[in-house]
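Down below is the structure, laid out as C-alpha coordinates.
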Ligand SMILES: Nc1ncnc2c1ncn2[C@@H]1O[C@H](COP(=O)(O)OP(=O)(O)OP(=O)(O)O)[C@@H](O)[C@H]1O
(Lines give C-alpha, C1' and ligand atoms only; values in the text may rest on other atoms or scores of the structure.)
Protein backbone atom coordinates (compact mmCIF):
# COMPACT_ATOMS: atom_id res chain seq x y z
CA UNK A 1 0.00 0.00 0.00
CA UNK A 2 1.41 3.48 -0.82
CA UNK A 3 2.40 5.41 2.30
CA UNK A 4 1.04 8.93 2.90
CA UNK A 5 3.68 11.65 2.45
CA UNK A 6 4.54 13.36 5.76
CA UNK A 7 2.38 16.39 6.52
CA UNK A 8 3.87 19.79 5.70
CA UNK A 9 1.40 21.65 7.93
CA UNK A 10 -0.24 19.82 10.81
CA UNK A 11 -2.61 20.65 13.64
CA UNK A 12 -2.37 18.16 16.51
CA UNK A 13 -5.13 18.39 19.12
CA UNK A 14 -5.12 22.18 18.77
CA UNK A 15 -7.27 24.16 21.17
CA UNK A 16 -7.57 27.93 21.48
CA UNK A 17 -9.77 30.43 23.31
CA UNK A 18 -9.84 34.23 23.61
CA UNK A 19 -10.38 33.98 27.39
CA UNK A 20 -13.74 32.21 27.49
CA UNK A 21 -15.18 29.23 25.55
CA UNK A 22 -12.96 27.29 23.12
CA UNK A 23 -12.97 28.87 19.64
CA UNK A 24 -10.80 26.10 18.18
CA UNK A 25 -11.66 22.92 19.99
CA UNK A 26 -9.37 19.93 19.46
CA UNK A 27 -8.47 20.22 15.78
CA UNK A 28 -6.40 17.48 14.13
CA UNK A 29 -5.57 18.15 10.50
CA UNK A 30 -2.71 17.55 8.10
CA UNK A 31 -1.89 19.24 4.79
CA UNK A 32 0.64 17.51 2.54
CA UNK A 33 3.43 19.48 0.87
CA UNK A 34 2.16 21.22 -2.25
CA UNK A 35 -1.50 20.44 -1.50
CA UNK A 36 -4.36 22.97 -1.44
CA UNK A 37 -6.80 22.42 1.43
CA UNK A 38 -9.96 24.45 2.00
CA UNK A 39 -11.81 25.21 5.20
CA UNK A 40 -15.50 25.74 4.79
CA UNK A 41 -17.77 27.01 7.54
CA UNK A 42 -20.31 29.55 8.63
CA UNK A 43 -19.40 32.94 9.98
CA UNK A 44 -17.88 32.85 13.45
CA UNK A 45 -17.04 29.12 13.55
CA UNK A 46 -13.31 29.76 14.08
CA UNK A 47 -11.79 29.61 10.57
CA UNK A 48 -9.75 32.82 10.80
CA UNK A 49 -8.56 31.85 14.26
CA UNK A 50 -7.31 28.53 12.87
CA UNK A 51 -5.42 30.38 10.08
CA UNK A 52 -3.84 32.70 12.66
CA UNK A 53 -2.71 29.66 14.64
CA UNK A 54 -1.13 28.24 11.45
CA UNK A 55 0.62 31.59 10.84
CA UNK A 56 1.99 31.71 14.38
CA UNK A 57 0.05 34.93 15.05
CA UNK A 58 -1.74 33.10 17.90
CA UNK A 59 -0.36 30.33 20.12
CA UNK A 60 -2.50 27.27 20.95
CA UNK A 61 -3.72 26.82 24.53
CA UNK A 62 -3.24 23.08 23.99
CA UNK A 63 -1.87 20.89 21.22
CA UNK A 64 0.63 21.86 18.56
CA UNK A 65 0.89 23.34 15.08
CA UNK A 66 3.83 22.06 13.04
CA UNK A 67 5.29 23.36 9.82
CA UNK A 68 7.68 21.07 7.98
CA UNK A 69 8.11 19.05 11.17
CA UNK A 70 8.96 21.96 13.51
CA UNK A 71 6.56 23.51 16.05
CA UNK A 72 5.32 26.95 14.91
CA UNK A 73 6.44 29.45 17.57
CA UNK A 74 5.67 32.76 15.86
CA UNK A 75 5.26 34.39 12.45
CA UNK A 76 8.02 33.57 9.98
CA UNK A 77 9.12 34.05 6.38
CA UNK A 78 7.91 30.59 5.35
CA UNK A 79 4.30 31.80 5.51
CA UNK A 80 2.42 34.24 3.26
CA UNK A 81 -1.01 35.60 4.24
CA UNK A 82 -3.75 36.97 1.97
CA UNK A 83 -6.59 38.74 3.78
CA UNK A 84 -10.18 39.37 2.68
CA UNK A 85 -9.42 43.04 1.92
CA UNK A 86 -6.37 43.61 -0.32
CA UNK A 87 -4.90 46.08 2.26
CA UNK A 88 -2.63 47.82 -0.27
CA UNK A 89 -0.75 51.00 0.67
CA UNK A 90 -2.23 53.84 -1.41
CA UNK A 91 0.92 55.93 -1.46
CA UNK A 92 3.00 53.15 -3.06
CA UNK A 93 2.89 51.98 -6.66
CA UNK A 94 1.68 48.49 -7.55
CA UNK A 95 5.29 47.36 -7.92
CA UNK A 96 6.29 48.76 -4.52
CA UNK A 97 3.25 47.18 -2.88
CA UNK A 98 4.31 43.79 -4.24
CA UNK A 99 7.87 44.41 -2.99
CA UNK A 100 6.73 45.45 0.50
CA UNK A 101 7.56 42.14 2.27
CA UNK A 102 11.12 42.55 0.94
CA UNK A 103 11.56 46.28 1.61
CA UNK A 104 10.35 45.89 5.22
CA UNK A 105 13.62 43.98 5.80
CA UNK A 106 16.10 45.45 3.31
CA UNK A 107 16.54 47.50 0.16
CA UNK A 108 15.01 45.77 -2.91
CA UNK A 109 17.55 44.61 -5.50
CA UNK A 110 17.21 44.57 -9.29
CA UNK A 111 16.57 40.85 -8.96
CA UNK A 112 13.71 41.46 -6.48
CA UNK A 113 12.17 43.96 -8.91
CA UNK A 114 12.51 41.48 -11.78
CA UNK A 115 10.74 38.81 -9.69
CA UNK A 116 7.94 41.23 -8.78
CA UNK A 117 7.47 42.22 -12.43
CA UNK A 118 7.46 38.55 -13.41
CA UNK A 119 4.73 37.83 -10.83
CA UNK A 120 2.69 40.80 -12.05
CA UNK A 121 2.99 39.52 -15.61
CA UNK A 122 1.87 36.03 -14.56
CA UNK A 123 -1.33 37.45 -13.08
CA UNK A 124 -2.11 39.74 -15.98
CA UNK A 125 -0.97 43.07 -14.51
CA UNK A 126 2.21 43.57 -16.54
CA UNK A 127 1.32 47.09 -17.69
CA UNK A 128 0.11 48.39 -14.32
CA UNK A 129 3.25 48.21 -12.16
CA UNK A 130 3.65 52.01 -12.00
CA UNK A 131 0.04 52.80 -11.04
CA UNK A 132 -1.29 53.52 -7.59
CA UNK A 133 -3.76 51.03 -6.04
CA UNK A 134 -6.64 53.54 -6.28
CA UNK A 135 -6.41 53.35 -10.08
CA UNK A 136 -7.09 49.58 -9.99
CA UNK A 137 -10.33 47.58 -9.99
CA UNK A 138 -11.16 45.36 -6.99
CA UNK A 139 -10.03 42.27 -8.91
CA UNK A 140 -6.74 43.92 -9.87
CA UNK A 141 -6.13 44.93 -6.24
CA UNK A 142 -6.74 41.33 -5.14
CA UNK A 143 -4.23 40.15 -7.73
CA UNK A 144 -1.64 42.60 -6.35
CA UNK A 145 -2.30 41.28 -2.82
CA UNK A 146 -1.73 37.74 -4.10
CA UNK A 147 1.54 38.74 -5.79
CA UNK A 148 2.66 40.50 -2.59
CA UNK A 149 2.01 37.32 -0.58
CA UNK A 150 4.06 35.29 -3.06
CA UNK A 151 7.05 37.62 -3.57
CA UNK A 152 9.07 36.06 -0.74
CA UNK A 153 8.22 32.62 -2.18
CA UNK A 154 6.55 31.31 0.99
CA UNK A 155 6.29 27.55 1.33
CA UNK A 156 2.84 27.97 2.91
CA UNK A 157 0.15 30.37 1.75
CA UNK A 158 -2.77 31.12 4.08
CA UNK A 159 -5.78 32.78 2.45
CA UNK A 160 -8.75 34.18 4.39
CA UNK A 161 -11.70 34.63 1.99
CA UNK A 162 -9.45 36.64 -0.34
CA UNK A 163 -11.93 36.76 -3.24
CA UNK A 164 -15.18 37.21 -1.26
CA UNK A 165 -15.80 40.79 -2.41
CA UNK A 166 -15.31 40.11 -6.13
CA UNK A 167 -17.90 39.46 -8.84
CA UNK A 168 -18.38 35.82 -9.83
CA UNK A 169 -16.37 35.91 -13.09
CA UNK A 170 -13.41 37.81 -11.62
CA UNK A 171 -13.47 35.42 -8.70
CA UNK A 172 -13.21 32.42 -11.03
CA UNK A 173 -10.25 34.02 -12.83
CA UNK A 174 -8.49 34.65 -9.52
CA UNK A 175 -9.11 31.04 -8.46
CA UNK A 176 -7.46 29.89 -11.69
CA UNK A 177 -4.51 32.28 -11.16
CA UNK A 178 -4.05 31.01 -7.62
CA UNK A 179 -4.00 27.33 -8.63
CA UNK A 180 -1.58 28.01 -11.48
CA UNK A 181 0.84 29.98 -9.27
CA UNK A 182 0.73 27.41 -6.44
CA UNK A 183 1.35 24.56 -8.90
CA UNK A 184 4.26 26.41 -10.56
CA UNK A 185 5.93 27.07 -7.19
CA UNK A 186 4.96 23.94 -5.26
CA UNK A 187 3.24 26.18 -2.68
CA UNK A 188 1.12 24.52 0.00
CA UNK A 189 -2.11 26.45 0.64
CA UNK A 190 -4.84 26.59 3.27
CA UNK A 191 -7.82 28.56 1.95
CA UNK A 192 -10.78 29.73 4.05
CA UNK A 193 -14.09 30.37 2.32
CA UNK A 194 -17.87 30.39 2.80
CA UNK A 195 -18.33 29.34 -0.82
CA UNK A 196 -18.79 25.61 -1.41
CA UNK A 197 -18.06 25.73 -5.18
CA UNK A 198 -14.89 27.74 -4.57
CA UNK A 199 -13.70 25.14 -2.04
CA UNK A 200 -14.39 22.25 -4.44
CA UNK A 201 -12.71 23.99 -7.40
CA UNK A 202 -9.56 24.81 -5.42
CA UNK A 203 -9.12 22.00 -2.95
CA UNK A 204 -7.44 18.62 -2.85
CA UNK A 205 -9.39 18.24 0.38
CA UNK A 206 -12.15 20.29 1.97
CA UNK A 207 -12.94 20.32 5.70
CA UNK A 208 -16.21 21.56 7.16
CA UNK A 209 -15.72 23.53 10.37
CA UNK A 210 -18.49 24.21 12.88
CA UNK A 211 -18.21 25.58 16.40
CA UNK A 212 -14.43 25.23 16.52
CA UNK A 213 -14.28 21.65 15.32
CA UNK A 214 -13.69 19.96 11.98
CA UNK A 215 -16.86 17.96 11.55
CA UNK A 216 -16.48 16.44 8.10
CA UNK A 217 -13.88 16.23 5.36
CA UNK A 218 -14.06 15.34 1.69
CA UNK A 219 -11.24 14.37 -0.64
CA UNK A 220 -11.68 16.21 -3.96
CA UNK A 221 -10.74 13.60 -6.49
CA UNK A 222 -10.91 15.84 -9.57
CA UNK A 223 -8.18 16.21 -12.22
CA UNK A 224 -5.41 18.81 -12.08
CA UNK A 225 -4.90 21.20 -13.69
CA UNK A 226 -8.57 22.07 -13.23
CA UNK A 227 -10.21 23.31 -16.39
CA UNK A 228 -12.75 26.14 -16.17
CA UNK A 229 -15.59 23.86 -17.36
CA UNK A 230 -15.00 21.44 -14.49
CA UNK A 231 -17.47 23.63 -12.58
CA UNK A 232 -20.27 22.19 -14.77
CA UNK A 233 -19.19 18.56 -14.38
CA UNK A 234 -21.64 16.22 -12.58
CA UNK A 235 -18.79 15.05 -10.28
CA UNK A 236 -18.19 18.67 -9.27
CA UNK A 237 -21.88 19.16 -8.49
CA UNK A 238 -22.03 15.90 -6.53
CA UNK A 239 -19.13 17.07 -4.33
CA UNK A 240 -20.85 20.45 -3.79
CA UNK A 241 -24.02 18.62 -2.76
CA UNK A 242 -22.11 16.34 -0.36
CA UNK A 243 -20.47 19.35 1.29
CA UNK A 244 -23.75 21.24 1.49
CA UNK A 245 -25.32 18.27 3.27
CA UNK A 246 -22.27 18.05 5.55
CA UNK A 247 -22.69 21.74 6.47
CA UNK A 248 -26.39 21.22 7.18
CA UNK A 249 -25.53 18.07 9.16
CA UNK A 250 -22.96 19.99 11.22
CA UNK A 251 -25.57 22.67 11.96
CA UNK A 252 -28.00 19.92 13.05
CA UNK A 253 -25.38 18.41 15.39
CA UNK A 254 -24.80 21.85 16.94
CA UNK A 255 -28.55 22.35 17.49
CA UNK A 256 -28.80 18.89 19.11
CA UNK A 257 -25.78 19.62 21.33
CA UNK A 258 -27.27 22.96 22.37
CA UNK A 259 -30.61 21.27 23.24
CA UNK A 260 -28.94 18.63 25.49
N1 LIG B 1 -9.66 38.99 19.18
C2 LIG B 1 -10.77 38.37 19.58
N3 LIG B 1 -11.19 38.48 20.86
C4 LIG B 1 -12.30 37.84 21.29
N5 LIG B 1 -13.07 37.05 20.50
C6 LIG B 1 -12.70 36.91 19.21
C7 LIG B 1 -11.54 37.57 18.68
N8 LIG B 1 -11.41 37.24 17.36
C9 LIG B 1 -12.46 36.43 17.09
N10 LIG B 1 -13.22 36.23 18.19
C11 LIG B 1 -14.44 35.39 18.27
O12 LIG B 1 -14.06 34.07 17.92
C13 LIG B 1 -15.08 33.44 17.14
C14 LIG B 1 -14.47 32.92 15.84
O15 LIG B 1 -13.96 34.03 15.09
P16 LIG B 1 -13.23 33.80 13.70
O17 LIG B 1 -12.87 35.13 13.17
O18 LIG B 1 -12.15 32.79 13.87
O19 LIG B 1 -14.43 33.14 12.84
P20 LIG B 1 -14.59 32.91 11.29
O21 LIG B 1 -15.12 31.52 11.13
O22 LIG B 1 -13.34 33.24 10.58
O23 LIG B 1 -15.73 33.97 10.92
P24 LIG B 1 -16.00 34.79 9.54
O25 LIG B 1 -16.35 33.76 8.52
O26 LIG B 1 -17.15 35.68 9.90
O27 LIG B 1 -14.74 35.56 9.23
C28 LIG B 1 -16.17 34.49 16.94
O29 LIG B 1 -17.19 34.26 17.89
C30 LIG B 1 -15.47 35.81 17.25
O31 LIG B 1 -16.37 36.73 17.79
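The values are calculated or read from the model by the stated rules, or taken from the named source; none is laboratory data. None of these values were measured; they are calculated from a predicted model. Because the Cβ atoms are built from the backbone with ideal geometry, glycine has one as well, and the counts that use them run over all protein chains shown.
Filter segment 72-118 for residues that are under 23 Å from residue 8 (Cβ atoms) and surrounded by fewer than 12 Cβ atoms within 10 Å (Cβ to Cβ) and give the result.
Across segment 72-118, the qualifying residues are 73, 74, 77.
Could you please give the count of residues in segment 1-22 that are surrounded by fewer than 21 Cβ atoms within 10 Å (Cβ to Cβ), within 12 Å of the ligand (Cβ to nearest atom) and assigned to a strand (DSSP E or B)?
2
Being buried (at least 18 other Cβ atoms within 10 Å of the Cβ) and touching a strand residue (DSSP E or B) at 6+ places or on another chain (Cβ under 8 Å) is the filter here; which residues of segment 218-256 pass it?
218, 220, 239, 243, 246, 247, 250
Looking at residue 165, is it in contact (Cβ under 8 Å) with a residue 12 or more places away in the chain, over 22 Å from residue 188 (Cα atoms) and in a loop (DSSP other than H, G, I, E, B)?
For residue 165, the condition - in contact (Cβ under 8 Å) with a residue 12 or more places away in the chain, over 22 Å from residue 188 (Cα atoms) and in a loop (DSSP other than H, G, I, E, B) - is met.
Go through the residues of segment 168-175 one by one and say whether even a single one is in contact with a strand residue (DSSP E or B) (Cβ under 6 Å, 6 or more places away or on another chain) and part of a helix (DSSP H, G or I).
The answer is no; no qualifying residue exists.
For segment 28-52, enumerate the residues that are within 12 Å of the ligand (Cβ to nearest atom) and surrounded by 15 or more Cβ atoms within 10 Å (Cβ to Cβ).
Within segment 28-52, 39, 40, 41, 42, 45, 46, 47, 48, 49, 50, 51, 52 meet the criteria.
Being surrounded by 18 or more Cβ atoms within 10 Å (Cβ to Cβ), more than 26 Å from residue 152 (Cα to Cα) and assigned by TED's automatic domain parsing to the domain that holds residue 15 narrows it down to one residue among 211, 167; which is it?
Among 211, 167, only 211 is surrounded by 18 or more Cβ atoms within 10 Å (Cβ to Cβ), more than 26 Å from residue 152 (Cα to Cα) and assigned by TED's automatic domain parsing to the domain that holds residue 15.
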